[in-house]
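Before any comments, here is the structure.
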Amino acid sequence: MSQGREICPGVYWTGVKNPDLQVFDELFPTRQGTTYNAYLVKGKDKTALIDTVKEEFSDEYFDILTSIIATEKIDLVVVNHTEPDHTGALEELVRRHPEIEIYCTRAADNFLKQLIDIPLKTHVVAEGDEIDLGGRTLRFILAPNLHWPDTMFTYLPEEEILFSCDAFGAHFCGDGLYDDEVGDFSGEYRFYFDTIMRPFKEKIREAVSKVASLPIRLVCPSHGPLRRQGAREAIDGYARMAAPPADEGLRALTLTLSPHGNTRTMAAAVRRGLEEFGVKVVELALYEAEEGEIRDELEQADALLVATPTINRDAPPPVWKALSLLSTVTPKGKVGGVFGSYGWSGEAVKQVEDRLTGLKYTLPEEGIHFRFKPTESDVQACQEFGRKIGRYLVDQSKAG
Ligand code: FEO
């Protein structure tokens, strides 16, 4: 059972702890559970909530709230983000207090109407809008796609507190509330970025730039410890992790799976063609490449080449597993190409092409596949395939 905690005069943490959680959202393993952070801010004239908690913790949440203030005396709730781990108790809040005003982004307004099927008194906010609570101000900073389109931060200038929604958070539940009370959770902070925020690096850079010059004494994220000792470092860490890749010329990544060496022979010829156009080629063998290595290279590559055999009418599982990482990163470029050797069918090349085009990749050349061991003319065709993609990259680069 969590207890509310006053984090500065009139500002309370009203979240709940879930130390036993082992997998968040049935997707992400947690070493030490998580927290669902929510907050209450009292001004002289009005009282506001910032977010609620996951629905299964509603009873605990309302016990905490009502130990601080009667529900009907709360004037408004700020919804920084509508994902159910933060709006799960909102419907019950509105049922208990139908007059409560809800402040959120346009996208959040749309999402709320699909998530909660009762009348809501919503107000859409714009960048920089403020609510005066009486001696305390809530200022809204839009942060779309960190990590949903609806996301925003709320800033309390009088106390220099940033309520940062999911950003800068961690799935970690310690005995204390603040970063200096709970021990090391740097691994969880990094894992959270990698698994939830990493596909949105450009949006992260935009959001970080909006808060870079703000005085911030305390970062209050939606999960994990409040950042009192490491407030600035929590933000700077995102700036570093979301930095764009260094511009070191054109680069292609080839992901190769080649049980009998034939697809690797093709990859070597494609590489020669790319190198004729000055493209640096990094080749990773999928039987041994680490996920982290693939992710890092995907973010530095202007082009992704997939060299896949066909086995049992399909691309083999290591190929699909590697492709599943594409939605977890911010690829530098979205140019692709697919090729491979096959035995008696050859469906994999087309299947992988469909996957890449589904992820908005441009395929300058139709994929090629050859039966068993490529002949000399097949090898020449592979080299020409590489040249065409290399030429496309160069032209694209010149066009800016
Ligand atoms: Fe913690 Fe995106 O919800």
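The values are calculated or read from the model by the stated rules, or taken from the named source; none is laboratory data. No experiment lies behind these values; they were computed from the predicted model shown. Glycine gets a Cβ as well: all are built from the backbone with ideal geometry, and neighbour counts include every protein chain shown. What goes into the accessible areas is simple: the full protein's heavy atoms, side chains included, and nothing from ligands, DNA or RNA. Shrake-Rupley method; radii C 1.70, N 1.55, O 1.52, S 1.80 Å.
Some observations on this one:
- When you count the other C-beta atoms within 10 angstrom of each residue and take the mean per peptide, 269-275, 110-116 line up highest first as 269-275, 110-116.
- Protein accessible area in segment 1-104, 1.4 Å probe - carbon and sulfur %: 43 percent
- Once you reduce segment 243-266 and segment 149-207 to the center of their Cα atoms, the two points are 34 Å from each other.
- Whole-number accessible area per residue in Å² for segment 112-230, which is evaluated in the context of all protein chains at 1.4 Å: 38 Å²
- Carbon/sulfur fraction of accessible area - segment 305-400, other protein chains in place, 1.4 Å, %: 52 percent
- The slack in the chain from GLU366 to GLU233, taken as 0.36 nm per residue of separation less the alpha-carbon distance, amounts to 43.2 nm.
- Tilt relative to the chain, helix 376-399 - C-alpha long axis, 0 to 90 degrees, to 10: 40 degrees
- For the chain, the longest principal axis of the Cα atoms and the long axis of helix 348-358 meet at an angle of about 40 degrees.
- Within the chain, antiparallel bridges make up roughly 45 percent of the DSSP beta bridges whose residues both belong there.
- Taking the average, over residues, of other Cβ atoms within 10 Å as the packing measure, peptides 37-44, 15-22 rank 37-44, 15-22 from highest down.
- Electrostatic dipole magnitude of the chain [Cβ: Lys, Arg +1; Asp, Glu -1; Cα centre; debye, to 20]: 1160 debye
- Using just its DSSP H runs of length 4 or more, each adding -39500 (n - 2.57), the chain gives a mean residue ellipticity at 222 nm of -9500 deg cm²/dmol after division by all residues.
- Lysine pair count for segment 251-395 (Cα-Cα distance under 18 Å; residues 8 or more apart in sequence or on different chains): 9.
- Distant alpha-carbon pairs in the chain (separation over 31 angstrom), percent: 47 percent
- Charge dipole of segment 282-400 (Cα centre as origin; +1 on each Lys and Arg Cβ, -1 on each Asp and Glu Cβ, all else neutral): 360 debye, rounded to the nearest 20.
- Tilt relative to the chain, helix 231-241 - C-alpha long axis, 0 to 90 degrees, to 10: 20 degrees
- Treating each Cα of segment 251-395 as one equal point scatterer and applying the Debye formula with no solvent, the log10 of I(q)/I(0) at q = 0.12, 0.13, 0.20 Å⁻¹ comes out as -0.40, -0.47, -1.21.
- With all protein chains kept in place, the per residue accessible area of segment 295-356 amounts to 36 square angstrom at a probe of 1.4 angstrom.
- Over the chain, relative contact order from alpha-carbon pairs under 8 Å, at least 6 apart, %: 11 percent
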